[in-house]
Each structure stands twice: as structure tokens, then as C-alpha cells.
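Coordinate-derived values only; no laboratory data. Nothing here was measured: the structure is a model prediction, and the numbers come from that model. In this analysis, Cβ positions are derived from the backbone assuming ideal geometry, glycine residues included, and neighbour counts consider all displayed protein chains.
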Amino acid sequence: MTNLRSSLKARKRAANPMQEYDVLPLVLRRWLQEAALPWSAPSAKRAWRNALKRAGGCEKRAMHHMARLETQSLRKDAPNVWGAHYPEINRAAGR
């Protein structure tokens, strides 16, 4: 099932998505299991590397950064996907 209103880019990949997922760090795979967005393995890996770098190698702080990235993306897409008055996004934004 695809959501055509999302700003997430859909790409066809030559690699095996399950193999890409399986080589991700365990902590990242666990985070992805609970993620609200359908992260691709390469996208999650890139974001994770940047988050770890920003967090000075601290996985806990990197997880917080990943959550912020996801929240920002949800706020950006919510009006297009669910409508401008979707309550969860307004509550998360503190409005």
C-alpha cells in the first residue's frame, strides 16, 4: 500500500531490502520496528550515521535525534496526508 500524498520519495532499488535491513545496527532495527514512517534501510542508515555523529557517538542521544527527524517529517506531511486539522500533529506541535 502506498500513500501518494506523502513527500517521501519512492524509489525502485536493485538491492535486496531485507538484506539491507538485516545489516543495520540492532538498536536502529528496533527503533525502525516502532517508527511511524516507512523508512528504507539506506535512508535510516544515513540518518543514523548523521545522528550518531551529532550525538558524539551516544546511541541514546542519536535515538532522540531520529525521533525528532521523524516528527519533523510527520508535521510536514500531515496537512497533505490527513488534512490541516489533524489533531495529533497539532498536539505534538504544542498548538
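Of note:
- Distance between the 7 Å Cα→Cβ label points at Lys53 and Arg68: 1.6 nm.
- Taken along the Cα-to-beta-carbon direction at a fixed 7 Å, the label points for Ala84 and Glu34 span 3.4 nm.
- Efficiency of FRET from Cβ geometry, Leu26 and Arg75, R₀ 35 Å, rounded to 0.05: 0.75
- Cut-off 14 Å between beta-carbons: net charge of the residues surrounding Lys60, Lys and Arg +1, Asp and Glu -1: +3
- Every Cα-Cα pair of region 18-87 was included, and the share exceeding 21 Å stands at 29 percent.
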